[in-house]
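Novice: Quick one: this structure, given as C-alpha coordinates, is what I'll be asking you about.
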Amino acid sequence: MAFQYELADFIDFRDREECERVRNISKEELTEHENDEFRIRIIEEPEDFYFEFALDIVRRVMEANREDRDLVGIFPVGPVPQYPLAARMINELKVSCDNLHIFAMDEYADQDGNTAPVSWPGSFQKTMQNSFIRQIDENLRPPLDQVHFPTTDVIDAYPSMMENLGGVDICYGGIGWCGHIAFWESHLWEEFGDDIEAYKQAGPRTVELQPMTIMQNALHSFHGDWSHVPPKANTIGPGQITEADYRSFWLDGTIGGGLSWQRFIARLVAHGPVSTKVPGSILQTLPGTFTILGGVAEDIEVEMH
(Lines give C-alpha, C1' and ligand atoms only; values in the text may rest on other atoms or scores of the structure.)
Protein backbone atom coordinates (compact mmCIF):
# COMPACT_ATOMS: atom_id res chain seq x y z
CA MET A 1 0.00 0.00 0.00
CA ALA A 2 1.35 3.43 -1.01
CA PHE A 3 2.21 5.88 1.75
CA GLN A 4 1.38 9.47 0.77
CA TYR A 5 2.44 12.51 2.79
CA GLU A 6 3.13 16.23 2.51
CA LEU A 7 6.64 17.66 2.67
CA ALA A 8 7.61 19.38 5.93
CA ASP A 9 6.52 23.02 6.07
CA PHE A 10 10.06 24.46 6.20
CA ILE A 11 10.95 22.94 2.81
CA ASP A 12 10.58 25.54 0.06
CA PHE A 13 10.73 23.42 -3.12
CA ARG A 14 7.61 21.25 -2.97
CA ASP A 15 7.20 19.73 -6.45
CA ARG A 16 7.02 16.03 -5.60
CA GLU A 17 7.09 14.88 -9.23
CA GLU A 18 10.31 16.75 -9.90
CA CYS A 19 11.81 15.42 -6.68
CA GLU A 20 10.94 11.90 -7.78
CA ARG A 21 12.37 12.46 -11.26
CA VAL A 22 15.76 13.79 -10.13
CA ARG A 23 15.98 11.21 -7.35
CA ASN A 24 15.98 8.52 -10.04
CA ILE A 25 18.82 10.04 -12.08
CA SER A 26 21.59 7.46 -12.09
CA LYS A 27 25.26 8.15 -11.55
CA GLU A 28 25.88 7.42 -15.22
CA GLU A 29 23.25 9.95 -16.29
CA LEU A 30 24.34 12.62 -13.83
CA THR A 31 27.04 14.17 -16.03
CA GLU A 32 24.69 14.70 -18.99
CA HIS A 33 23.15 18.17 -19.41
CA GLU A 34 21.47 20.05 -22.25
CA ASN A 35 23.63 23.12 -21.58
CA ASP A 36 27.06 22.18 -22.95
CA GLU A 37 28.65 25.11 -21.12
CA PHE A 38 27.47 23.72 -17.77
CA ARG A 39 29.97 20.91 -17.39
CA ILE A 40 29.21 18.23 -14.80
CA ARG A 41 32.00 15.85 -13.86
CA ILE A 42 32.60 13.21 -11.19
CA ILE A 43 35.91 12.68 -9.39
CA GLU A 44 35.80 9.40 -7.52
CA GLU A 45 38.41 9.69 -4.77
CA PRO A 46 38.57 12.46 -2.14
CA GLU A 47 42.34 12.79 -2.57
CA ASP A 48 41.95 13.46 -6.28
CA PHE A 49 38.94 15.73 -5.71
CA TYR A 50 40.75 18.11 -3.36
CA PHE A 51 43.96 17.95 -5.40
CA GLU A 52 42.06 19.03 -8.52
CA PHE A 53 40.35 21.83 -6.57
CA ALA A 54 43.70 23.10 -5.27
CA LEU A 55 45.30 22.75 -8.69
CA ASP A 56 42.55 24.83 -10.27
CA ILE A 57 43.22 27.67 -7.82
CA VAL A 58 46.99 27.60 -8.34
CA ARG A 59 46.70 27.30 -12.11
CA ARG A 60 44.56 30.44 -12.27
CA VAL A 61 47.00 32.38 -10.07
CA MET A 62 49.91 31.32 -12.29
CA GLU A 63 48.05 32.27 -15.48
CA ALA A 64 47.25 35.71 -14.05
CA ASN A 65 50.91 36.18 -13.13
CA ARG A 66 52.08 35.24 -16.63
CA GLU A 67 49.61 37.71 -18.11
CA ASP A 68 50.56 40.37 -15.52
CA ARG A 69 46.98 40.92 -14.37
CA ASP A 70 44.97 40.65 -11.19
CA LEU A 71 43.03 37.51 -10.35
CA VAL A 72 39.79 38.41 -8.58
CA GLY A 73 38.05 35.42 -7.05
CA ILE A 74 35.08 34.60 -4.85
CA PHE A 75 36.05 31.84 -2.44
CA PRO A 76 33.97 29.62 -0.12
CA VAL A 77 35.19 28.75 3.36
CA GLY A 78 33.86 25.22 3.22
CA PRO A 79 35.05 22.71 2.23
CA VAL A 80 38.62 23.63 3.20
CA PRO A 81 40.88 20.58 2.51
CA GLN A 82 41.83 22.14 -0.84
CA TYR A 83 43.34 25.23 0.78
CA PRO A 84 46.33 23.64 2.60
CA LEU A 85 47.03 21.71 -0.62
CA ALA A 86 46.93 24.91 -2.67
CA ALA A 87 49.20 26.66 -0.16
CA ARG A 88 51.69 23.80 -0.38
CA MET A 89 51.71 23.98 -4.19
CA ILE A 90 52.20 27.75 -4.06
CA ASN A 91 55.13 27.38 -1.66
CA GLU A 92 56.76 24.52 -3.58
CA LEU A 93 56.44 26.30 -6.94
CA LYS A 94 57.28 29.76 -5.52
CA VAL A 95 54.10 31.28 -6.96
CA SER A 96 53.57 34.91 -6.00
CA CYS A 97 50.03 35.76 -4.90
CA ASP A 98 50.62 39.52 -5.04
CA ASN A 99 47.96 39.81 -7.74
CA LEU A 100 45.36 37.63 -5.98
CA HIS A 101 42.27 39.34 -4.57
CA ILE A 102 40.10 37.06 -2.42
CA PHE A 103 36.45 37.82 -1.69
CA ALA A 104 34.98 35.36 0.78
CA MET A 105 31.40 34.31 0.06
CA ASP A 106 30.01 34.81 3.54
CA GLU A 107 30.46 35.23 7.28
CA TYR A 108 28.30 34.29 10.24
CA ALA A 109 26.23 36.97 12.00
CA ASP A 110 24.27 37.28 15.21
CA GLN A 111 20.51 37.86 15.54
CA ASP A 112 21.02 41.59 14.87
CA GLY A 113 23.16 41.08 11.78
CA ASN A 114 26.52 41.81 13.40
CA THR A 115 29.16 39.59 11.84
CA ALA A 116 31.42 37.36 13.89
CA PRO A 117 34.87 38.77 14.69
CA VAL A 118 38.02 37.02 13.49
CA SER A 119 38.70 36.12 17.14
CA TRP A 120 35.64 33.82 17.28
CA PRO A 121 36.83 30.25 16.58
CA GLY A 122 33.90 29.52 14.23
CA SER A 123 34.38 32.58 12.06
CA PHE A 124 35.11 32.14 8.38
CA GLN A 125 37.76 34.85 8.65
CA LYS A 126 39.74 32.72 11.10
CA THR A 127 39.20 29.57 9.04
CA MET A 128 40.43 31.19 5.82
CA GLN A 129 43.44 32.69 7.55
CA ASN A 130 44.41 29.43 9.27
CA SER A 131 43.69 27.00 6.42
CA PHE A 132 45.04 29.07 3.52
CA ILE A 133 46.52 32.55 3.91
CA ARG A 134 48.91 31.87 6.81
CA GLN A 135 50.01 28.56 5.29
CA ILE A 136 51.44 30.43 2.31
CA ASP A 137 55.01 31.62 2.78
CA GLU A 138 55.01 35.24 3.91
CA ASN A 139 56.87 36.47 0.83
CA LEU A 140 54.32 34.76 -1.47
CA ARG A 141 50.96 35.30 0.25
CA PRO A 142 48.52 37.97 -0.94
CA PRO A 143 48.61 41.27 0.97
CA LEU A 144 46.07 41.19 3.81
CA ASP A 145 44.25 44.20 2.35
CA GLN A 146 43.46 42.02 -0.68
CA VAL A 147 41.61 39.41 1.43
CA HIS A 148 38.03 40.52 1.97
CA PHE A 149 35.03 39.28 3.96
CA PRO A 150 31.40 40.53 3.82
CA THR A 151 31.50 41.91 7.33
CA THR A 152 28.94 44.34 8.69
CA ASP A 153 31.02 47.39 7.77
CA VAL A 154 31.65 46.49 4.10
CA ILE A 155 28.76 44.30 2.94
CA ASP A 156 26.97 47.15 1.17
CA ALA A 157 30.15 48.07 -0.68
CA TYR A 158 31.07 44.48 -1.58
CA PRO A 159 29.81 44.60 -5.21
CA SER A 160 31.57 47.90 -5.94
CA MET A 161 34.78 46.59 -4.38
CA MET A 162 34.72 43.75 -6.92
CA GLU A 163 33.77 46.04 -9.80
CA ASN A 164 36.58 48.46 -8.99
CA LEU A 165 39.03 45.61 -9.61
CA GLY A 166 37.51 44.91 -13.01
CA GLY A 167 34.98 42.31 -11.88
CA VAL A 168 35.25 38.70 -10.70
CA ASP A 169 37.26 36.27 -12.81
CA ILE A 170 36.31 33.08 -10.98
CA CYS A 171 33.63 32.17 -8.46
CA TYR A 172 34.26 28.99 -6.48
CA GLY A 173 31.52 27.52 -4.33
CA GLY A 174 29.47 24.61 -3.12
CA ILE A 175 25.82 23.68 -2.65
CA GLY A 176 23.93 23.64 0.66
CA TRP A 177 21.40 21.07 1.80
CA CYS A 178 18.47 23.34 0.87
CA GLY A 179 20.16 24.21 -2.43
CA HIS A 180 21.76 27.42 -1.23
CA ILE A 181 24.74 29.07 -2.92
CA ALA A 182 26.91 30.96 -0.43
CA PHE A 183 24.31 31.57 2.30
CA TRP A 184 21.67 32.68 -0.19
CA GLU A 185 18.92 30.53 1.28
CA SER A 186 15.94 28.83 -0.36
CA HIS A 187 13.31 30.81 1.57
CA LEU A 188 14.38 34.04 -0.17
CA TRP A 189 12.23 32.95 -3.12
CA GLU A 190 9.30 34.57 -1.33
CA GLU A 191 10.69 38.02 -2.17
CA PHE A 192 11.11 37.27 -5.89
CA GLY A 193 8.37 34.81 -6.74
CA ASP A 194 9.08 33.30 -10.16
CA ASP A 195 11.05 36.31 -11.45
CA ILE A 196 14.29 34.43 -12.08
CA GLU A 197 15.97 37.35 -13.88
CA ALA A 198 15.45 39.73 -10.95
CA TYR A 199 16.58 36.95 -8.64
CA LYS A 200 19.84 36.50 -10.58
CA GLN A 201 20.65 40.19 -10.08
CA ALA A 202 20.15 40.31 -6.30
CA GLY A 203 23.12 41.47 -4.24
CA PRO A 204 24.68 40.88 -0.80
CA ARG A 205 22.65 41.01 2.39
CA THR A 206 22.17 39.66 5.89
CA VAL A 207 20.14 36.45 5.77
CA GLU A 208 18.40 34.34 8.39
CA LEU A 209 19.73 30.82 8.02
CA GLN A 210 17.34 28.11 6.87
CA PRO A 211 16.81 25.21 9.34
CA MET A 212 18.55 22.74 7.02
CA THR A 213 21.58 25.02 6.89
CA ILE A 214 21.74 25.21 10.68
CA MET A 215 21.75 21.41 10.89
CA GLN A 216 24.15 20.94 7.97
CA ASN A 217 26.71 23.31 9.45
CA ALA A 218 26.26 21.84 12.92
CA LEU A 219 27.20 18.45 11.46
CA HIS A 220 30.26 19.41 9.46
CA SER A 221 31.68 22.32 11.49
CA PHE A 222 30.44 22.08 15.07
CA HIS A 223 30.39 18.32 15.84
CA GLY A 224 26.60 18.26 15.69
CA ASP A 225 26.15 21.11 18.17
CA TRP A 226 23.31 23.14 16.63
CA SER A 227 23.40 25.53 19.61
CA HIS A 228 26.80 26.71 18.37
CA VAL A 229 25.59 27.77 14.90
CA PRO A 230 24.71 31.49 14.64
CA PRO A 231 21.20 32.33 13.40
CA LYS A 232 22.20 34.61 10.53
CA ALA A 233 24.98 35.32 8.05
CA ASN A 234 26.16 37.99 5.66
CA THR A 235 26.35 36.63 2.14
CA ILE A 236 26.93 37.57 -1.46
CA GLY A 237 23.89 37.36 -3.71
CA PRO A 238 23.18 35.58 -6.98
CA GLY A 239 24.26 38.75 -8.77
CA GLN A 240 27.89 38.30 -7.76
CA ILE A 241 27.82 34.67 -8.89
CA THR A 242 26.16 35.30 -12.25
CA GLU A 243 28.38 38.30 -13.05
CA ALA A 244 31.62 36.36 -12.57
CA ASP A 245 33.43 35.35 -15.75
CA TYR A 246 33.30 31.68 -14.71
CA ARG A 247 31.92 29.44 -11.95
CA SER A 248 33.57 26.37 -10.42
CA PHE A 249 31.42 24.54 -7.86
CA TRP A 250 32.56 21.54 -5.83
CA LEU A 251 30.31 19.05 -3.99
CA ASP A 252 31.93 16.79 -1.39
CA GLY A 253 29.07 16.22 1.09
CA THR A 254 29.70 12.75 2.48
CA ILE A 255 29.45 11.74 6.13
CA GLY A 256 31.01 8.27 6.12
CA GLY A 257 29.54 4.81 5.95
CA GLY A 258 28.56 5.32 2.31
CA LEU A 259 26.12 8.08 3.26
CA SER A 260 25.85 11.52 1.68
CA TRP A 261 23.63 14.45 2.67
CA GLN A 262 24.29 16.03 -0.75
CA ARG A 263 23.27 13.20 -3.08
CA PHE A 264 19.71 14.46 -3.66
CA ILE A 265 20.36 18.20 -3.71
CA ALA A 266 23.22 17.72 -6.20
CA ARG A 267 20.70 16.23 -8.60
CA LEU A 268 17.96 18.78 -7.92
CA VAL A 269 20.36 21.70 -8.46
CA ALA A 270 21.90 20.28 -11.63
CA HIS A 271 18.85 18.66 -13.24
CA GLY A 272 15.73 20.08 -11.60
CA PRO A 273 13.85 23.15 -12.82
CA VAL A 274 15.64 26.50 -12.66
CA SER A 275 13.79 27.95 -9.69
CA THR A 276 14.09 30.69 -7.09
CA LYS A 277 13.22 27.95 -4.57
CA VAL A 278 16.46 26.12 -5.41
CA PRO A 279 19.14 28.85 -5.47
CA GLY A 280 21.90 26.72 -6.98
CA SER A 281 19.73 25.85 -9.98
CA ILE A 282 20.73 29.13 -11.64
CA LEU A 283 24.14 27.55 -12.29
CA GLN A 284 22.48 25.47 -15.03
CA THR A 285 22.00 28.62 -17.10
CA LEU A 286 25.65 29.76 -16.96
CA PRO A 287 29.08 28.60 -18.09
CA GLY A 288 30.84 26.67 -15.36
CA THR A 289 31.92 23.36 -13.91
CA PHE A 290 30.01 21.30 -11.35
CA THR A 291 32.39 18.78 -9.82
CA ILE A 292 30.92 15.99 -7.72
CA LEU A 293 32.77 13.62 -5.42
CA GLY A 294 32.13 9.98 -6.30
CA GLY A 295 30.39 9.24 -3.00
CA VAL A 296 27.96 12.10 -3.61
CA ALA A 297 27.22 10.96 -7.16
CA GLU A 298 26.14 7.42 -6.25
CA ASP A 299 22.57 6.36 -7.02
CA ILE A 300 19.97 7.25 -4.41
CA GLU A 301 18.60 4.17 -2.72
CA VAL A 302 16.09 4.46 0.11
CA GLU A 303 17.26 2.29 2.97
CA MET A 304 15.96 1.99 6.51
CA HIS A 305 18.66 1.56 9.16
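Novice: Within region 139-160, is there a residue that is assigned to a loop (DSSP other than H, G, I, E, B), touching a strand residue (DSSP E or B) at 6+ places or on another chain (Cβ under 8 Å) and closer than 17 Å to Ala54 by Cα?
Specialist: Step one: of region 139-160, the residues assigned to a loop (DSSP other than H, G, I, E, B) are 139-143, 149-154.
This time we only want the ones that are touching a strand residue (DSSP E or B) at 6+ places or on another chain (Cβ under 8 Å), so: 142, 149-152, 154.
Subsequent filtering for residues that are closer than 17 Å to Ala54 by Cα retains 142.
The answer is yes; a qualifying residue exists.
Okay, residues lined up against (1) among the aromatic types (Phe, Trp, Tyr); (2) surrounded by 14 or more Cβ atoms within 10 Å (Cβ to Cβ); (3) touching a strand residue (DSSP E or B) at 6+ places or on another chain (Cβ under 9 Å):
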{"site": "Glu32", "(1), (2), (3)": "no, no, yes"}
{"site": "Arg39", "(1), (2), (3)": "no, yes, yes"}
{"site": "Pro84", "(1), (2), (3)": "no, yes, no"}
{"site": "Asn91", "(1), (2), (3)": "no, yes, no"}
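Novice: Can you tell me which residue within region 242-258, out of those that are at pLDDT below 95 and not in a loop (DSSP other than H, G, I, E, B), is surrounded by the fewest Cβ atoms within 10 Å (Cβ to Cβ)?
Specialist: Gly256
Novice: Another question, if that's okay. Looking at region 216-231, is at least one residue buried (at least 21 other Cβ atoms within 10 Å of the Cβ) and either assigned to a strand (DSSP E or B) or of a type in the set (Ser, Thr, Tyr) (or both)?
Specialist: no
Novice: Could you tell me whether any residue of region 200-210 is buried (at least 19 other Cβ atoms within 10 Å of the Cβ), within 12 Å of the chain's Cα centre (by Cα) and among the hydrophobic types (A, V, I, L, M, F, W, C)?
Specialist: The answer is no; no qualifying residue exists.
Novice: I've got another one for you. List the residue pairs whose Cβ atoms are under 7 Å apart, where the first residue sits in region 122-151 and is touching a residue at least 60 places away in the same chain (Cβ under 8 Å) and closer than 15 Å to Ala233 by Cα, the second is surrounded by 14 or more Cβ atoms within 10 Å (Cβ to Cβ) and among the β-branched types (Val, Ile, Thr), and the two are 6 or more positions apart or on different chains.
Specialist: Listed pairs, sorted by first residue: Pro150/Thr235; Pro150/Ile236; Thr151/Thr115.
Novice: Read through the list (1) modelled with pLDDT of 95 or more; (2) in contact with a strand residue (DSSP E or B) (Cβ under 8 Å, 6 or more places away or on another chain); (3) crowded, with 19+ Cβ neighbours inside 10 Å, then give the number of the only condition that Val77 fails.
Specialist: Here Val77 meets the rest and fails (1).
Novice: Determine, yes or no, whether Thr206 is under 24 Å from Phe103 (Cβ atoms) and assigned to a strand (DSSP E or B).
Specialist: It is true that Thr206 is under 24 Å from Phe103 (Cβ atoms) and assigned to a strand (DSSP E or B).
Novice: Just the residues that are in contact with an Asp or Glu (Cβ under 8 Å, 6 or more places away or on another chain) and not basic (Lys, Arg), please, taken from region 13-34.
Specialist: Ser26
Novice: Filter region 161-172 down to residues that are assigned to a helix (DSSP H, G or I) and aliphatic (A, V, I, L, M) and give me whichever is farthest from the chain's Cα centre (by Cα).
Specialist: Of all residues in region 161-172, those assigned to a helix (DSSP H, G or I) come to 161-163.
Filter again for aliphatic (A, V, I, L, M), leaving 161-162.
Working: Met161: 20, Met162: 18 Å.
Top of the filtered list is Met161.
Novice: Take region 287-298 and flag every residue that is within 22 Å of Glu243 (Cα to Cα), out of contact with any Lys or Arg (no Cβ under 6 Å at 6 or more places or on another chain) and surrounded by fewer than 21 Cβ atoms within 10 Å (Cβ to Cβ). Don't jump to the end; show me each part of the working.
Specialist: Step one: list which residues in region 287-298 are within 22 Å of Glu243 (Cα to Cα), which gives 287-291.
With out of contact with any Lys or Arg (no Cβ under 6 Å at 6 or more places or on another chain) added as a condition, the list becomes 287, 290.
Of everything in region 287-298, just one residue is within 22 Å of Glu243 (Cα to Cα), out of contact with any Lys or Arg (no Cβ under 6 Å at 6 or more places or on another chain) and surrounded by fewer than 21 Cβ atoms within 10 Å (Cβ to Cβ), namely Pro287.
Novice: Quick one: in region 173-199, which of the residues that are of a type in the set (Phe, Trp, Tyr) and assigned to a helix (DSSP H, G or I) is farthest from the chain's Cα centre (by Cα)?
Specialist: Within region 173-199, the match that is farthest from the chain's Cα centre (by Cα) is Phe192.
The values are calculated or read from the model by the stated rules, or taken from the named source; none is laboratory data. This is a predicted model, so every value here is computed, not measured. Don't worry about glycine lacking a Cβ; one is built from the backbone with ideal geometry, like all the others, and counts go over all protein chains shown.
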